[in-house]
Amino acid sequence: MISASTLLLFMVTVLLLFLSPGPNMAFVLSYSTTMGRSGGLAAALGIAVADMVFTILTASGITAMLAGWPPMFDLLRLGGAAYLLWLAWKSWRAGGMLALLGGERRSHRQVVRMAMLNSLLNPKALLFFMVFLPQFVNIAQGHVAQQVLLLGLVLAVTGLAFNAVLAQFSGALGRYLQAQPRFALWQGRALTLVFLGLAARLLLLQRPGQP
């Protein structure tokens, strides 16, 4: 359905995009640094689930329909920013990721949900899937929706593998930092700044077509 050369080009492009710092990388680094490899893997899984949701929406044409309605872009942008500001406030008051989530034993499901929501509430991610995936679709071969689903699956699996490697290395760093006496205070403040930065990024994001 999709030629090997096109699929290889797609994977190389995706890996180059993953190497660029962004909200997903920040989430994986934050959780794996504070909770170890398992926390980073949980964040990676949540991001992969969000990628598949966007893929399904793109394949069904819903993404294009939502992006074509200007108020939806603003609703997602403001909703995502509000969610991140709420996380920043909780992190500041709780004093860190572990306190925020209520302990490592029952936090992994929450990490998956938080990482997934962080992606789904980002209108830029929605537009990315709508614009990026179709560029590698060969309309002449037909089965456009199936091609989009395959590309989205490759993107999600590649992203999961990339973030898993990222979690492995940052998890080792986290174990070292947790042995330092002032790490908890530093981590809580740093995490708050991460959430605030991501929220500001969404608030300053302009709707496509605006000057």
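The values are calculated or read from the model by the stated rules, or taken from the named source; none is laboratory data. These figures come from a predicted structure and were not determined experimentally. We place every Cβ from the backbone using ideal geometry, glycine too, and count neighbours over all the protein chains shown. We work out accessible area using only protein heavy atoms, side chains counted, and drop any ligands, DNA or RNA first. Shrake-Rupley method; radii C 1.70, N 1.55, O 1.52, S 1.80 Å.
Highest mean packing comes first when the peptides 22-33, 144-155 are listed by Cβ atoms within 10 Å, giving 22-33, 144-155. Across Leu45, Leu75, Leu202, the residue with the most accessible area heads the list, and the full order at a 1.4 Å probe is Leu75, Leu45, Leu202. Using the average count of surrounding beta-carbon atoms within 10 Å as a protection proxy, the listed peptides 124-136, 2-14 rank, highest first, as 124-136, 2-14.
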